[in-house]
Amino acid sequence: MSTTEVLALVPRPQSLVRGQGQFTLTQQTQIFASPDAAPVAEYLAALLRRSSGFPLPVSVQDTVPDAQNTLLLVADAPGLGDEGYELVVNTQQVVLRAAAAAGLFYGVQTIRQLLPLTIEESGLQQDVIWAIPAVTIKDHPRFSWRGLHLDVGRHWFPVAFVKKFIDWMALHKFNVFHWHLTEDQGWRIEIKRYPRLTEVGSRRAATPIPANREQNDGKPYGGHYTQDEIREVVAYAKARYITVLPEIEMPGHALAALAAYPELGCAGEGYQVWTRWGIAKDVFCAGNEDTYTFLENVLAEVLDLFPSEFIHIGGDECPKGRWESCPKCQAMIQRESLKDEHELQSYVISRIEKFLNAHNRRLIGWDEILEGGLAPNATVMSWRGTEGGIAAASAGHDVVMSPESHCYFDHYQAKDRENEPPAIGGFLPLEKVYAFDPTTGVPEDKTCHVLGGQGNTWTEYIPTEAQVEYMVYPRAAALAEALWLSPDGRDFADFMRRLPGHLQRLDRLGIRYRKSR
Ligand code: ACM
Ligand code: ZN
């Protein structure tokens, strides 16, 4: 392999020096791992065996031998940080070191991207030279929160697809999968205590058609995940060092829940799982104690399913009209000496935060949770630009930046809409995603509160798996690099030189990404 050949690594490592020659896997290659490295070594062995057919035995030992024709994975380098790794490949060995298993996992993804594309094929591949070019790589991410979000409320996607989505995240070293599980148009998570949430709330009578959202297709639509399926997805993600962040929307985006339990709305009756897109006027009644009991019972089951430190409670787009005319909501405003309906929303979020904190979890919500006063320990996910995130970080709160301007993968990828499938609007080209910097505008001494960034996949206009793939890739590849490297370390022209090779890998994986024209 020539040392001038472009290595299609995405995200690009912080530092990479090419060496001479290459390491070539053979029938005799062995893998040695320190005890902490064992699960990642098994993941690597499975990946390599699948298409090479080599036995690649894994030996787990306290002292890893310095032998030839070996891959060594060692968790013995505390200086590399929680997610950093060092990879040295020469003609005799591949040595991967990290402080912790997550770093080793990212090193393995780099090894994967250094291998021939045939590594992505699931069947046995003949006549391949399984070569890894000689390199010395030192690498770590800039941000600890590197997220992708998937809205399964507007359109539902089966577990098999959710796993693929997670696999592709792993290839790009993302580490948070934000699963948007409840919406006006569908409640997607089984809650044992409230079976009607899925019996009633997971089905709608019709769906707006992409070409004209004022028209419905007239076809019943539904889907949900059982708790066993949720556990399966959480475990699958965990094995890929990805945290699943569940989102349970409150107090707005709640029509599907109200259709199932109408007593939790201000009117108490007459709700249906929504068959339109937009912002529904009907929301949870914030003046009814039963609402809080319900939300806490739902969250108790959510906490049991998701080990994530953070729980996303939505909080966005909650119109206040129903609360203005609801005697219970007005009585709550009186009882709690609140100024207005915005403070009532803040009261809801703060009450839920107390519940989550009492269970050793942290609340995260969309930036509307700033209105009426931010709950004391809340983390903000800033989507209406970064202003909300900047305000929250300035006040000492942690934030995740996912502004519509740079992170909304439901927006168009080309100016020429005629030749694109219908999308919700906007224009977000690859180059703009690549230029995203979550700390822009955040005071220097507050940037420590910026945990990272996230790409969001809202699915009103994304009814199929193929369409998710088209909207998310290759933009997610650009985002992965934007969250891995600081702006000084990034170069869009260099990314574009690596992209063709990377896209060939996505082809092998069967990802139906958008091809530029
Ligand atoms: C949002 O896009 N409504 C968070
Ligand atoms: Zn009410």
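The values are calculated or read from the model by the stated rules, or taken from the named source; none is laboratory data. Since the structure is predicted, the reported quantities are computational estimates derived from the model, not experimental observations. Virtual Cβ from ideal backbone geometry, glycine too; neighbours counted across all protein chains shown.
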Scanning for something touching a residue at least 60 places away in the same chain (Cβ under 8 Å) and charged (D, E, K, R), does the stretch 393-413 turn up at least one residue?
yes
Could you check the stretch 474-496 and list, in sequence order, the residues that are part of a loop (DSSP other than H, G, I, E, B) and out of contact with any Leu (no Cβ under 7 Å at 6 or more places or on another chain)?
L485, S486, R490, D491
Please verify whether the stretch 155-172 includes one or more residues that are assigned to a helix (DSSP H, G or I), touching a Phe, Trp or Tyr at 6+ places or on another chain (Cβ under 7 Å) and basic (K, R).
yes
Residues of the stretch 330-354 that turn out to be touching a residue at least 60 places away in the same chain (Cβ under 8 Å) and more than 16 Å from ligand 1 (Cβ to nearest atom), as a count
3
So which residues in the stretch 118-140 are surrounded by fewer than 18 Cβ atoms within 10 Å (Cβ to Cβ) and part of a helix (DSSP H, G or I), if there are any at all?
T118
Residue list for the stretch 259-304, filter: β-branched (V, I, T) and either in contact (Cβ under 8 Å) with a residue 24 or more places away in the chain or more than 16 Å from ligand 2 (Cβ to nearest atom) (or both)
V273, T275, I279, V283, T291, V298, V302
For residues in the stretch 287-324 being out of contact with any Lys or Arg (no Cβ under 8 Å at 6 or more places or on another chain) and among the small types (G, A, S), which is surrounded by the most Cβ atoms within 10 Å (Cβ to Cβ)?
G315
Give just the number: which of (1) buried (at least 20 other Cβ atoms within 10 Å of the Cβ); (2) more than 19 Å from W179 (Cα to Cα) does D494 not satisfy?
(1)
Apart from one, (1) of a type in the set (D, E, K, R); (2) under 21 Å from K192 (Cα atoms); (3) within 16 Å of ligand 1 (Cβ to nearest atom) all hold for R276; the odd one out is (2)
Taking the stretch 87-101 on its own, how many of its residues are closer than 18 Å to P35 by Cα and in contact with an Asp or Glu (Cβ under 9 Å, 6 or more places away or on another chain)?
7
Of all residues in the stretch 4-60 being under 26 Å from the mean Cα position of the chain (by Cα) and among the hydroxyl-bearing types (S, T, Y), which is surrounded by the fewest Cβ atoms within 10 Å (Cβ to Cβ)?
S15
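Within the bounds of the stretch 85-102, is there any residue that is part of a helix (DSSP H, G or I) and in contact (Cβ under 8 Å) with a residue 40 or more places away in the chain? Even if it seems obvious, please write down each step before you answer.
Pass one, the stretch 85-102, residues part of a helix (DSSP H, G or I): 101-102.
Checking which are in contact (Cβ under 8 Å) with a residue 40 or more places away in the chain leaves us with 101-102.
For the stretch 85-102, residues part of a helix (DSSP H, G or I) and in contact (Cβ under 8 Å) with a residue 40 or more places away in the chain: present.
If I filter the stretch 229-245 for residues that are at positive phi and more than 27 Å from the chain's Cα centre (by Cα), do I get at least one hit?
no
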The stretch 224-263, residues that are more than 20 Å from E353 (Cβ to Cβ), in contact with a helix residue (DSSP H, G or I) (Cβ under 7 Å, 6 or more places away or on another chain) and in a helix (DSSP H, G or I):
Q227, E229, I230, R231, E232, V233, V234, Y236, A237, L258, A260, E263
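Give the number of residues within the stretch 203-215 that are assigned to a strand (DSSP E or B) and either in contact (Cβ under 8 Å) with a residue 24 or more places away in the chain or surrounded by 13 or more Cβ atoms within 10 Å (Cβ to Cβ) (or both). Working first, answer last.
Step one: list which residues in the stretch 203-215 are assigned to a strand (DSSP E or B), which gives 203-204, 208-209, 212-215.
Cutting the leftovers down to either in contact (Cβ under 8 Å) with a residue 24 or more places away in the chain or surrounded by 13 or more Cβ atoms within 10 Å (Cβ to Cβ) (or both) gives us 203-204, 208-209, 213.
Summing the residues that are assigned to a strand (DSSP E or B) and either in contact (Cβ under 8 Å) with a residue 24 or more places away in the chain or surrounded by 13 or more Cβ atoms within 10 Å (Cβ to Cβ) (or both) in the stretch 203-215 gives 5.
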Filter the stretch 392-404 for residues that are buried (at least 17 other Cβ atoms within 10 Å of the Cβ) and of a type in the set (G, A, S); which is farthest from ligand 1 (Cβ to nearest atom)?
A393
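Have a look at R498, R517 and point out the one that is of a type in the set (D, E, K, R) and at pLDDT below 95. Walk me through it before giving the result.
Values: R498 fails: at pLDDT below 95.
Being of a type in the set (D, E, K, R) and at pLDDT below 95 holds for just one of R498, R517, which is R517.
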Test result for V200, in contact (Cβ under 8 Å) with a residue 12 or more places away in the chain, under 19 Å from K164 (Cβ atoms) and surrounded by 16 or more Cβ atoms within 10 Å (Cβ to Cβ):
no
Reported set for the stretch 101-127 where residues are modelled with pLDDT of 95 or more and among the aliphatic types (A, V, I, L, M) is A101, A102, L104, V108, I111, L114, L115, L117, I119
Specify which of the listed residues (P327, P246, P251) is within 16 Å of ligand 2 (Cβ to nearest atom), in contact (Cβ under 8 Å) with a residue 24 or more places away in the chain and crowded, with 21+ Cβ neighbours inside 10 Å.
P251
Filter the stretch 330-359 for residues that are within 15 Å of ligand 2 (Cβ to nearest atom) and in a loop (DSSP other than H, G, I, E, B); which is surrounded by the most Cβ atoms within 10 Å (Cβ to Cβ)?
L338
